[in-house]
Amino acid sequence: LLSLQPPVAVGGAVAIAITPQDQPLLLAADHLLLHDRAGVSSTELGPGQLGLAALRPPLAFDGQGGLLATGRLAGAGAAAAEAPQLLRCVLAESRCEQFPADLAGTNISALAVNSLDGSLFIADSGAGQLLKLNTRGELLARVDATLPPTPVLRLDSGLLLVNSAQGPAISVFRYEDNAFGRQLDEVLLLVPGTDPAEFTGVRDFIKSGEHWWVLLDRAGGGSARLLRFDSQWQFVDQPAPAAGARPSALANWGGRVLVVDPSRIPVQRFSAEGVPEAPLVSKSLTGLGADREHRANLT
């Protein structure tokens, strides 16, 4: 009994990815929680069911519905455990395999998939590099880039957008093979009526409809403010977060915006117009949190 370690508590989802069929997938602790298009819990997969020893963000779906994530296969051995592994999981078959990519020495800090051709973009914040791979995992391009500690990659209008390492701004890059990583612009995000020194960086950003939703890190650490900008990055408004919320990421769910908060079971949801809606309350996430708490009490 003295050797038992209490299970890791579940306060909320640490990451959310949306399938091509608009089904939310929540990662909580080491479990994947899949929901249908209406947000009703449908499938819960633990690491043992997927043949994994570890699974962590970032998460992204490819065009065939396969889940791309960083993790470690069960029984991979000590040498493989030290190397970063990009995994592709087929949730319907409850299996994961190593994505056939030569990423030795690469720390996968962010992922993005081009829905047009299936090419994959990776950011390595430690090495300061951007990578582009084809659907077979073959490296097409690798360039040096100045990246923040927690980069975010988004594709829009034929451009690769990355949160800036220089402050509250968005860096704009080309992503064609022959010009990959060439920076075209640096868009500073200005909020009227606020001190420019209040914001230190961009924590996450997504596009929903004609608006960009942005989480701006505030000076002092810890908190972030949720803001909306138009397609030209002009400030629009500030959607009201839930009381006590500590947002960490954003997800676009069929035109609605989900706010990831690892400290809360309910997932806050906004309409495309920025109006708060009923939160997504995952039955499987609620049950997982209660089960972990019960096991901790037993231990």
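The values are calculated or read from the model by the stated rules, or taken from the named source; none is laboratory data. What you are looking at is a predicted structure, and each value in this text was computed from that prediction instead of being measured. We place every Cβ from the backbone using ideal geometry, glycine too, and count neighbours over all the protein chains shown. In case anyone asks, the SASA skips ligands and DNA or RNA and just uses the protein heavy atoms, side chains included. Shrake-Rupley method; radii C 1.70, N 1.55, O 1.52, S 1.80 Å.
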Original post:
Based on Cβ point charges of +1 for Lys and Arg and -1 for Asp and Glu, what charge dipole magnitude is obtained for region 8-82 about its Cα centre, in debye rounded to the nearest 20?
Top reply: 80
**OP:** Quick one: dipole size for region 59-217, taken about the Cα centre, charges +1 on Lys/Arg Cβ and -1 on Asp/Glu Cβ, in debye to the nearest 20.
**Re:** 320
Subject >> Nonlocal amide H pairs with L73, under 5 Å, H built at 1.01 Å >> reply: A53
**OP:** Please get the size of the charge dipole for the chain, origin at its Cα centre, with Cβ charges of +1 on Lys and Arg and -1 on Asp and Glu, quoted in debye to the nearest 20.
**Re:** 520
Original post:
So how far apart, in nm, are the two label points at T194 and D22 if each is 7 Å from Cα heading toward Cβ?
Top reply: 3.0
**OP:** Please label the shape of region 1-121 as rounded, prolate or oblate, based on the square roots a ≥ b ≥ c of the eigenvalues of the alpha-carbon gyration tensor (a/c under 1.5 means rounded; beyond that, a/b larger than b/c means prolate, else oblate).
**Re:** oblate
Original post:
On average, how much accessible surface per residue is there in the chain, in Å², for a 1.4 Å probe, leaving out ligands, DNA and RNA?
Top reply: 47
Original post:
Of F99, T43, C89, which is farthest on the positive side of the dipole of region 1-131, counting Cα position, with +1 on Lys and Arg Cβ, -1 on Asp and Glu Cβ, and the Cα centre as origin?
Top reply: T43
Original post:
Summing Lys, Arg as +1 and Asp, Glu as -1, what charge do residues with Cβ under 13 Å from the Cβ of E176 carry, E176 excluded?
Top reply: +1
Original post:
In nm, what is the difference between 0.36 nm times the number of residues separating L2 and R56 and their Cα-Cα distance?
Top reply: 16.6 nm
**OP:** Among F229, A9, A112, flag the residue with its Cα farthest along the positive direction of the charge dipole of the chain, charges on Cβ as +1 for Lys/Arg and -1 for Asp/Glu.
**Re:** A9
Original post:
Toward the positive end of the charge dipole of region 149-214, about the Cα centre and with charges on Cβ (Lys, Arg +1; Asp, Glu -1), which of I206, P192, L153 goes farthest?
Top reply: L153
**OP:** Grab the other residues whose beta carbon is less than 9 angstrom from that of A69, score K and R as +1, D and E as -1, and report the net.
**Re:** +2
Subject >> Options [x] 167; [y] 325; [z] 145 - which one matches volume of the Cα convex hull per residue in Å³ as calculated here >> reply: [z]
Original post:
In the chain, what percent of the accessible surface is made up of carbon and sulfur (1.4 Å probe, ligands and nucleic acids excluded)?
Top reply: 51
Original post:
How high is the relative contact order of region 63-159, in percent, with contacts defined as C-alpha pairs under 8 Å that are six or more residues apart?
Top reply: 19
Original post:
Quick one: Karplus J couplings for region 109-116, per residue in order, coefficients 6.51, -1.76, 1.60, θ = phi - 60°, nearest Hz, x for Gly and Pro?
Top reply: 8, 7, 10, 8, 10, 7, 5, 7
**OP:** For every other residue with a beta carbon closer than 12 angstrom to the beta carbon of L226, add +1 if it is Lys or Arg and -1 if Asp or Glu, then tell me the sum.
**Re:** +1
**OP:** Describe numerically, in nm with one decimal, the distance between label points set 7 Å from Cα along Cα→Cβ at R136 and at S231.
**Re:** 3.7
